[in-house]
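Undergrad: One structure, pasted below without further comment.
The values are calculated or read from the model by the stated rules, or taken from the named source; none is laboratory data. Keep in mind that this is a model prediction, so the values were computed, not measured. As a convention, Cβ positions derive from the backbone with ideal geometry for all residues, glycine included, and neighbour counts pool all protein chains shown.
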Amino acid sequence: MTALSSDRKTVYREGVEIAYPVAAQTTIYAGSLVCLNTSGYAVPGADTAGFKFAGVARETAKNGTAANGAAKVLLRRRGVFRFASSAMAVTDVEEAVYIADDQTVAKTSTNSVACGRIAEFISATEVGVDIEMR
């Protein structure tokens, strides 16, 4: 590619919601934390090596076929979402959190799948997580 020498019409969108292809034999439930597995397909959030946090599912997606990507899931990539947690305190606001499972966040984890920062302390077992980390 060479540098521009005239105006370019660049396609743009907000990017708040994006559909990702779902891994084969996978169900993702609405409202769950979603990761991309090591092959790049959407899977339920988990503390698994190589997983990358992608967003929160806006809908349920079922890919019952043997083919990766035969279904897609719409993910929300920005916002503050309430998730289950444990042993949280008001002093944890602004601390990073990691995925424990598809509905739970924790202050520590084995594989460090980061999913955001605590934006709101609700109780010791529930926090509002700001998922916009980019």
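Undergrad: Filter region 18-44 down to residues that are hydrophobic (A, V, I, L, M, F, W, C) and exposed (fewer than 15 other Cβ atoms within 10 Å of the Cβ), then give me how many there are.
TA: Residues flagged as hydrophobic (A, V, I, L, M, F, W, C) and exposed (fewer than 15 other Cβ atoms within 10 Å of the Cβ) within region 18-44 amount to 2.
Undergrad: So which of 64, 31 is among the small types (Gly, Ala, Ser) and under 21 Å from residue 116 (Cβ atoms)?
TA: From the options 64, 31, the qualifying one is 31.
Undergrad: Scan 93, 105 and give me the residue that is modelled with pLDDT of 95 or more, on the phi < 0 side of the Ramachandran plot and in contact with a Ser or Thr (Cβ under 6 Å, 6 or more places away or on another chain).
TA: Result: 105 is the single residue among 93, 105 that is modelled with pLDDT of 95 or more, on the phi < 0 side of the Ramachandran plot and in contact with a Ser or Thr (Cβ under 6 Å, 6 or more places away or on another chain).
Undergrad: OK, next. Restricting attention to region 15-29, does a residue exist that is modelled with pLDDT of 95 or more, under 18 Å from residue 108 (Cα atoms) and not small (Gly, Ala, Ser)?
TA: no
Undergrad: Separate question: If you go through region 72-84 one residue at a time, do you hit one that is in a loop (DSSP other than H, G, I, E, B), more than 12 Å from the chain's Cα centre (by Cα) and of a type outside the set (A, V, I, L, M)?
TA: Within region 72-84 (the criterion being in a loop (DSSP other than H, G, I, E, B), more than 12 Å from the chain's Cα centre (by Cα) and of a type outside the set (A, V, I, L, M)), the answer is no, since none of the residues qualifies.
Undergrad: Output the residues belonging to region 98-123 that are surrounded by fewer than 19 Cβ atoms within 10 Å (Cβ to Cβ), among the β-branched types (Val, Ile, Thr) and not in a loop (DSSP other than H, G, I, E, B).
TA: 104, 122
Undergrad: Something else about it: Out of the residues in region 65-80 that are under 19 Å from residue 42 (Cα atoms) and among the hydrophobic types (A, V, I, L, M, F, W, C), which is surrounded by the fewest Cβ atoms within 10 Å (Cβ to Cβ)?
TA: In this case the residue turns out to be 66.
Undergrad: Within region 46-56, does at least one residue satisfy the condition of being in a strand (DSSP E or B), in contact (Cβ under 8 Å) with a residue 24 or more places away in the chain, surrounded by fewer than 16 Cβ atoms within 10 Å (Cβ to Cβ) and hydrophobic (A, V, I, L, M, F, W, C)? If you could, list the steps in order and put the result at the bottom.
TA: If we filter region 46-56 for residues that are in a strand (DSSP E or B), which is where we start, we get 52-56.
Checking which are in contact (Cβ under 8 Å) with a residue 24 or more places away in the chain leaves us with 52-56.
In the following step, the residues that additionally are surrounded by fewer than 16 Cβ atoms within 10 Å (Cβ to Cβ) were identified as 52.
Narrowing further to those that are hydrophobic (A, V, I, L, M, F, W, C): none.
No, the conditions are met nowhere in region 46-56.
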